């Protein structure tokens, strides 16, 4: 399957690929009627959400396979959001 590389998100990284990953990761929940932001967001919303904290993603070859971001609310707590990742890799 290949090695998985963890990278910190940087401006200029492929937003469309990250948005598409989120849509795939949340598709099953969307089909059940849940309307999480990741089920419908566009690239602009992806950029907005990535920019509000420290974001990382995992890549295998040329494919982005998962994403996580940390949003520090204060010095004592950090909030982490982890996308489910590509359903093909579950």
Subtracting the Cα-Cα distance from 0.36 nm times the residue separation, let me have the gained length for residue 27 to residue 63 in nm, one decimal.
11.2 nm
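Ranking request for peptides 24-35, 50-61: highest mean number of other beta-carbon atoms within 10 Å first, then the rest in descending order. Present the calculation step by step, with values, prior to reporting the outcome.
Values: 24-35: 13.1, 50-61: 16.2.
Going from most to least packed, we get 50-61, 24-35.
Quick check on the range 1-58: take the gyration tensor over C-alpha atoms, sort the square-rooted eigenvalues as a ≥ b ≥ c, and tell me if it's rounded (a/c under 1.5), prolate or oblate. Don't jump to the answer; show the numbers that get you there.
Values: a/c = 2.34, a/b = 1.34, b/c = 1.75.
Oblate shape, in that a/c is at least 1.5 and b/c is the bigger or equal ratio.
How much length, in nm to one decimal, is gained on full extension between residue 88 and residue 4, taken as 0.36 nm per residue of separation minus their Cα-Cα distance? Before the final figure, lay out each step's value.
Working: separation 84, 0.36 × 84 = 30.24 nm, distance 1.44 nm.
Roughly 28.8 nm would be gained on extension.
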Tell me, 19, 39, 46 in order of fewest to most beta-carbon neighbours within 10 Å?
39, 19, 46
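Each value in this text was obtained by applying a stated rule to the coordinates, not by laboratory testing. Quantities reported herein were computed from a predicted structural model and do not represent experimental measurements. Quick reminder, even Gly has a Cβ in these numbers, built from the backbone with ideal geometry, and neighbours come from all protein chains shown.
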